[in-house]
Amino acid sequence: MATTHLHMVMVPWSAFGHLIPFFQLALQLAKAGIKVSFISTPGNIKRLPNVPSNIATLLDLLVFPLPNLDDEQQLPEGCEATVDIPFEKIQYLKIAYDLLRQPVKQFVIDQKPDWILIDVIPHWMVEIAQEQHIPLVNFSVFSASVYSFFMNQTLTRSSPESLMSPPEWFGFSSPLRYPKFLATAMHEGFHGENASGISDADRVHKILQASKAVAFRTCPEYEAEYLNAFEKITGDGSKPVFPIGLLLPEKPQGRQT
């Protein structure tokens, strides 16, 4: 296995639908000889599969303790991922997650990685990357059809009704739309205020604007039109968009106890 001098830091959101695809991508990058620092919390790292021994020197699973909130009723101790809490408490998990900003920033300052690969939630990584002059890549665990359905440069999907039909910027026939009862809840969840002080839509928009490229867990054989649409609406083709495959997990070996 050839090795490079590249070092990439990965910062996934604390949900296993995000952690596992990030972990699978980290495995592939390490197999390609790229040094990967994968950042998450103790309870999340413990629940990931073992890193294969042949790439253990290239893939570090780094434990950053999740800060406690003053009110334990908001986020009970030991709850570090969305699977640990009911839906209404996820906004408080975002508050605790956002408090990782300073320790992660210090790690980036100390290590000076070549690239930073982030999820849709850690919007504060934008300032860290810009201050340290490190290029940022958004890795989407969602399909290109999802991103291109919700997002464009001006966030014009501004009402629940707008989600009940395909967006005008598609430029092709698409069956994508939400029924009314789902559109209202989806719009409120994405654009609405929450206890963290920043909506999910604003987090995603800020990250997309700052990212030098976007990588999707998808393939062109599956959604070529949506990949092309997303590339056009996020910079008229100037922001590279990479379909990197489905990243199907290998059979886990489990953790040694």
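Numbers below:
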read-out: Subset of region 76-98 [of a type in the set (G, A, S) and either open to solvent by 10 Å² or more (accessible area, probe 1.4 Å) or at pLDDT below 95 (or both)]; value: G78
read-out: Test: residue in region 147-163 that is modelled with pLDDT under 95, hydrophobic (A, V, I, L, M, F, W, C) and in contact with a Lys or Arg (Cβ under 7 Å, 6 or more places away or on another chain); value: yes
read-out: Subset tally (residues that are under 21 Å from F172 (Cβ atoms) and surrounded by 20 or more Cβ atoms within 10 Å (Cβ to Cβ)) for region 205-223; value: 3
read-out: Odd one out for D236 among (1) among the charged types (D, E, K, R); (2) modelled with pLDDT under 90; (3) closer than 30 Å to D98 by Cα; (4) loosely packed, with under 13 Cβ neighbours inside 10 Å; value: (3)
read-out: Residues (open to solvent by 50 Å² or more (accessible area, probe 1.4 Å) and more than 18 Å from K35 (Cβ to Cβ)) located in region 48-75; value: P65, N68, D70, D71, E72, Q73, Q74
read-out: Members of region 23-38 that are closer than 11 Å to M8 by Cβ and open to solvent by less than 10 Å² (accessible area, probe 1.4 Å); value: A26, A30, V36, S37, F38
read-out: V137 being β-branched (V, I, T), over 24 Å from L69 (Cα atoms), part of a helix (DSSP H, G or I) and within 21 Å of the chain's Cα centre (by Cα); value: no
read-out: Enumeration of residues in region 99-122 that are in a helix (DSSP H, G or I) and open to solvent by less than 30 Å² (accessible area, probe 1.4 Å); value: V104, V108
read-out: Residues located in region 190-204, provided they are open to solvent by less than 40 Å² (accessible area, probe 1.4 Å) and under 18 Å from the mean Cα position of the chain (by Cα); value: F190, S196, I198, S199, D200, A201, R203, V204
read-out: Residue within region 150-170 that is surrounded by fewer than 14 Cβ atoms within 10 Å (Cβ to Cβ), β-branched (V, I, T) and part of a loop (DSSP other than H, G, I, E, B) present; value: yes
read-out: Test result for V146, within 16 Å of the chain's Cα centre (by Cα), crowded, with 17+ Cβ neighbours inside 10 Å, in a helix (DSSP H, G or I) and free of Cβ contacts under 8 Å to residues at least 60 places away in the same chain; value: yes
read-out: Residue count for region 176-187, restricted to those that are farther than 23 Å from A229 by Cβ and either more than 22 Å from the chain's Cα centre (by Cα) or in contact (Cβ under 8 Å) with a residue 12 or more places away in the chain (or both); value: 3
read-out: Selection from region 123-133 of residues that are surrounded by fewer than 19 Cβ atoms within 10 Å (Cβ to Cβ) and in a loop (DSSP other than H, G, I, E, B); value: H133
read-out: Subset tally (residues that are over 30 Å from I109 (Cβ atoms) and of a type in the set (A, V, I, L, M)) for region 126-177; value: 7
read-out: Filter pass, Y226 being surrounded by fewer than 19 Cβ atoms within 10 Å (Cβ to Cβ) and more than 17 Å from the chain's Cα centre (by Cα); value: no
read-out: Only listed residue being in contact with a Ser or Thr (Cβ under 9 Å, 6 or more places away or on another chain), modelled with pLDDT of 95 or more, more than 21 Å from P166 (Cα to Cα) and not in a helix (DSSP H, G or I), chosen from A215, A195; value: A215
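The values are calculated or read from the model by the stated rules, or taken from the named source; none is laboratory data. Note that this is a predicted model, so its numbers are computed, not measured. Methodologically, a virtual Cβ is constructed for each residue, glycine included, from the backbone with ideal geometry; neighbour enumeration extends over all protein chains shown. Please note that ligands, DNA and RNA were not included when accessible areas were found on the heavy atoms of the full protein model with its side chains. Shrake-Rupley method; radii C 1.70, N 1.55, O 1.52, S 1.80 Å.
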